[in-house]
Amino acid sequence: MATVEVKNVDKVYDNKVKAVSNASFVAKDKEFVILVGPSGCGKSTTLRMIAGLEEITKGEIKIGDKIVNNVSPKDRDIAMVFQNYALYPHMSVYENMAFALKLRKYKKEEIDKRVKEAAALLGIGELLDRKPKQLSGGQRQRVALGRAIVRQPKVFLFDEPLSNLDAKLRVQMRAEIIKLHKQLDTTIIYVTHDQTEAMTMANKIVVMKDGIIQQIDSPLKIYDNPNNLFVAGFLGSPAINQFQGKIIKKDDKLHFAGEGFDVAVAQKSEKALQEYVDKPVIMGIRPEDIYDSQYDSMASEPQKLHAICEVVEPLGNEFIVFVKIGDVNSVTARFDPKRLPQIDEKLDVTFDMSRTHYFDTETELAIR
Ligand code: ADP
């Protein structure tokens, strides 16, 4: 078991690409930390530096009490699971899982015990004699996990382990990895570009963009309190709606005046927005915080906005509805499946103003 500490780490590749800038975060003992961000934001580079597969240009990485900057990967007591599984095709599942232990000269009985325990944990006990090509994608991924588990490392590093699986299997493996984390009771650092994986699996998320860490916190804290417009937009599906507008004063109350509509700001946002009176801001509201005024729990809310239904996506358990509000097209709302609006239908919607976010148009930082 171990804590991993990344302190002020930079990575500049030989071609002068600055892949990571001044990254600092801690994965505490037994914590499940997910590095998330769009492709090319420096997640894998960060993970590979922790693994020792990539040199650090500046800064320090600690595993447990030890600074590992100059420790070779095999001596870092970590195990890494990759996206492409990297199984040896000519070896059986058993041999694949046993390989690293054999290299390290473990006794035969110990190897056998560890391989069988890991196989039982992963539900692949029946497959030990098969070759990788005789396995499904999900089974291969389990073998790759098994190969890491048998090593009983201090820290597991996962690099997009589910991205080659189909959607259904991905959901299933997500749950299995969460369970596995509980059973193994160990530190996991996991890289993905998929915000759903980050939201559902992690104790802590590190959101990255352009090599720079944007925010570190638990998934729900980040979802509810994004530091900036990028983080607000990256987490959540469908994505948060963004409205350009400005703050105005009406009868001593602050309003957000958008394009062709205006809404009174919630009392809790008033203080922070005082200095933005008559200045532009971006307002963000998530699709689930927009309600069909007629049918939903916000029906008593006096502020109703006229909307025109443009597109509906009836998903069964919910309706995703794209509406035009004021002059703004394609505002996404997520309605309870009470009644499916018709295309071109006029309806009233209500914003849960207590759940809106405001951002500075210049810096894109949250106004709080
Ligand atoms: P992510 O994992 O978030 O997709 P990476 O860490 O792989 O991002 O890459 C971050 C940046 O570093 C990208 O601009 C990428 O092109 C660049 N990069 C990655 N690996 C190398 C390399 N070996 N040499 C040069 N540039 C690299």
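The values are calculated or read from the model by the stated rules, or taken from the named source; none is laboratory data. In this text, all values refer to a predicted model and were calculated from it rather than measured experimentally. No Cβ is skipped: glycine too gets one built from the backbone with ideal geometry, and neighbour counts run over all protein chains shown. Heavy atoms of the whole protein, side chains included, go into the accessibility calculation; ligands, DNA and RNA do not. Shrake-Rupley method; radii C 1.70, N 1.55, O 1.52, S 1.80 Å.
Between the alpha-carbon centres of segment 137-210 and segment 54-89 there is a gap of 17 Å. The orientation-averaged projected area of the convex hull spanned by the Cα atoms of segment 16-133 comes to 9.8 nm².
The angle between the Cα long axis of helix 108-122 and the longest principal axis of the Cα atoms of the chain comes to about 20 degrees, rounded to the nearest 10. So, with a 1.4 angstrom probe, what is the percent of accessible area on the chain that is carbon and sulfur? In the chain, the share of accessible area belonging to carbon and sulfur is 48 percent. Beta-bridge orientation, the chain: approximately 75 percent antiparallel, per DSSP, counting only bridges with both partners inside. Measuring max minus min along each principal axis, the C-alpha atoms of the chain give extents of 80, 45, 34 Å (largest first). Magnitude of the charge dipole for segment 260-368, about its Cα centre and with charges confined to Cβ atoms of Lys, Arg (+1) and Asp, Glu (-1), is about 220 debye. Relative to the Cα centre, the charge distribution of the chain, modelled as +1 at Lys and Arg Cβ and -1 at Asp and Glu Cβ, gives a dipole magnitude of about 2000 debye. Only DSSP H runs of four or more residues enter the estimate; each adds -39500 (n - 2.57), and after division by the residues of the chain the mean residue ellipticity at 222 nm equals -7500 deg cm²/dmol. What relative contact order, as a whole-number percentage, does segment 35-171 give when Cα pairs under 8 Å and 6 or more residues apart are counted? Across segment 35-171, relative contact order equals 31 percent. Taking every protein chain into account, the accessible area of the chain amounts to 48 square angstrom per residue (probe 1.4 Å). Computed with a 1.4 Å probe over protein heavy atoms only, the accessible area of residue 101 comes to about 0 Å².
Beyond 22 Å, what share of the Cα-Cα pairs of segment 266-358 is found? Please give it as a whole percent. Percent of Cα pairs beyond 22 Å in segment 266-358: 29.
Of all aspartates and glutamates in the structure, the ones whose alpha carbon falls short of 17 Å from that of residue 62, not counting any fewer than 8 places away in one chain, are 5, 10, 29, 31, 54, 75, 77. Across the chain, the mean sequence separation of Cα contacts (distance under 8 Å, 6 or more residues apart), normalised by length, yields a relative contact order of 15 percent. Here segment 177-259 is treated with +1 on each Lys and Arg Cβ and -1 on each Asp and Glu Cβ, and its dipole about the Cα centre works out to around 140 debye. Each 10 Å bin from zero up to the one holding the largest Cα-Cα distance in segment 208-326 carries the following percent of pairs: 11, 36, 37, 15, 1.
Could you tell me how many degrees, from 0 to 90 and to the nearest 10, lie between the Cα long axis of helix 137-149 and the main elongation axis, the longest principal axis, of the Cα atoms of the chain? It works out to around 60 degrees.
Here's the picture: charge each Lys and Arg Cβ at +1 and each Asp and Glu Cβ at -1 in the chain, and of 261, 157, 244 the one pushed furthest to the positive end of that dipole is 157. For the peptides 324-335, 124-135, the ranking by packing is 324-335, 124-135, with the highest mean count of neighbouring Cβ atoms within 10 Å listed first.
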